[in-house]
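Below is one structure, written out as structure tokens, with a few remarks after it.
Since every read-out is calculated from the coordinates, none of them should be taken as a lab result. A quick note: this is a predicted structure, and the numbers were derived from the prediction, not measured. Glycine also receives a Cβ, built like all others from the backbone with ideal geometry; neighbour counts cover every protein chain displayed.
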Amino acid sequence: MTEHFDLVVRANRVLTPEGERRATVLVADGRIVRVGDVDEPVTGSPVVQLADDEVLIPGLVDTHVHINEPGRTEWEGFATATRAAAAGGVTTVLDMPLNSLPPTISTEALEAKQQAAEGKCRVDVGFWGGAVPASLGRLEELWDAGVFGFKCFLLDSGVPEFPHLTTRQLHTAMREIAGFGGRLIVHAEDAGLISGDDWHSSRYPDFLATRPPESETTAISTLIAAARGTGCRTHIVHLSAADALPEITAAREAGAPLTVETCPHYLTLAAEDIDDGATQFKCCPPVRGRANAERLWTALSDGVIDFVVTDHSPSTPELKALDIGDFGTAWGGISSLQLGLSLVWTGARERGLALQDVIGWMSSGPARVMDVEGKGAILAGNDADLVVFAPDEVWTVDVATLHHRNAVSPYHGRQVRGAVRATYLGGRRADLDLPALGRFLLR
């Protein structure tokens, strides 16, 4: 009997969990049926033959994305963010609970966000809940509604409707979350070691001095002690300060339920290169020096840092204060959802690391750690989220070609290596001119 498949992809280079191989990937009903020999005979099914310079990789899983809709859709929205994701080879995103109005701190707010996203998503989208003082004691309701865990801040989040947790409230939240087996993800900076908002400067070193590495290391020490005391699964988001790595390593070796991520901007940008007034580079925690970045690369290679996600955190150009170049006034956030794969691959290649390493950090790693089922690997039974990637193609970033809502990027004019040529979501091409195909993911 002749088998029919919705899609067949043949390639001389396919990245599988067992390594790179020549293979045919056969897809039906949105899932990978099997990964067979490259010459496997197939009749009656559409076949895509990859070019010699192309590699088939699993779609990326970005578990740290600020989409901001509803409420601040002028900053970003589901249509534009997921369009950028598809163009950058990202097939799954988890949306952060803050910067939207209302923030995702209740089941009603989660429903409002899903309604706002309906029919707009070009990739699959899941959601984080928020742990704020008002939501403590009610977090299990959101967990049961399908969020992947809970985000909290240890200092002012930057938006008044998402207040931070005190140390006592942090312990309360972690005991509650541990009770039902959830996960807390934490923005770990210590407010007592950060300068206030009443300073202004166009010089990046002045901004960097306001958020020293100690602001991260101190907060992470607090967080590690709480994780040990409560047993709550705990994740450090957007690690910038490499000085925190020894304590993170020791805590993990001692059995603390701790994971950690970093971001492309901490790996590929350097404080030494940021010009006066270049507020498009501002993010919190900040981009630090070149030596710090090299330590992060080493920690990635050694497995101390679990994975890389973008922390895509957009705003309007006006909020970035580009006209006055004041780091004290500018919103802190970098948009790189469309660029993350090329940026990280460019840096990895320069350091003699393999594309398989990058896929581990940006696809299989976040899917595994954050329990995003059926994602992150070209494997029979998984969703057929596939990306055609040309690892040797060199191109220059131009903000005019980026699909996120506001054309602001610190990478404009930067030469990178590796281009996404096609993205398939559930075996169907995520063509930017076709209707949106994305689904909502529930834990």
Inset, instruction - Quote the FRET efficiency, to the nearest 0.05, computed for residue 407 versus residue 254 with a Förster distance R0 of 35 Å and r equal to the Cβ-Cβ distance. - result: 0.15
Legend entry - Within a Gaussian network of the chain (alpha carbon springs, distance under 10 Å), most fluctuating of 401, 63, 24: 401
Inset, instruction - Evaluate the Kirkwood expression for the hydrodynamic radius of the stretch 7-50, namely the inverse of the mean inverse distance over all pairs of different C-alpha atoms, and round to one decimal in Å. - result: 10.5 Å
Inset, instruction - Taking the Cα centre of the stretch 95-165 as origin, work out the dipole magnitude from +1 charges on Lys and Arg Cβ and -1 charges on Asp and Glu Cβ, in debye rounded to 20. - result: 200 debye
Legend entry - Total formal charge among the other residues, if their Cβ is under 14 angstrom from that of residue 229, Lys/Arg +1 and Asp/Glu -1: +3
Inset, instruction - Specify, per residue and in Å³, the volume enclosed by the convex hull of the alpha carbon atoms belonging to the chain. - result: 135 Å³
Legend entry - Loop sites in the stretch 79-144: GluC sites (Glu not before Pro), DSSP, at most 12 other Cβ within 10 Å: 118
Legend entry - For the chain, calculated [θ]222 nm from helices alone, where every DSSP H run of n ≥ 4 adds -39500 (n - 2.57): -7500 deg cm²/dmol
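Report the local net charge at residue 250: Lys and Arg +1, Asp and Glu -1, summed over other residues whose C-beta lies under 14 Å from its C-beta.
Its environment carries a net charge of -2.
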Legend entry - Fraction of alpha-carbon pairs over 18 Å apart in the stretch 243-355 - percent: 55 percent
Legend entry - Cα gyration tensor shape for the stretch 112-221, rounded if a/c is under 1.5, else prolate or oblate: oblate
Inset, instruction - Within the stretch 3-106, list the trypsin sites (Lys or Arg not before Pro) lying in a DSSP loop whose Cβ has at most 16 other Cβ atoms in a 10 Å radius. - result: none
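When DSSP beta bridges are limited to those with both residues in the chain, what percentage is antiparallel, rounded to the nearest 5?
Percent antiparallel among DSSP bridges in the chain is about 50.
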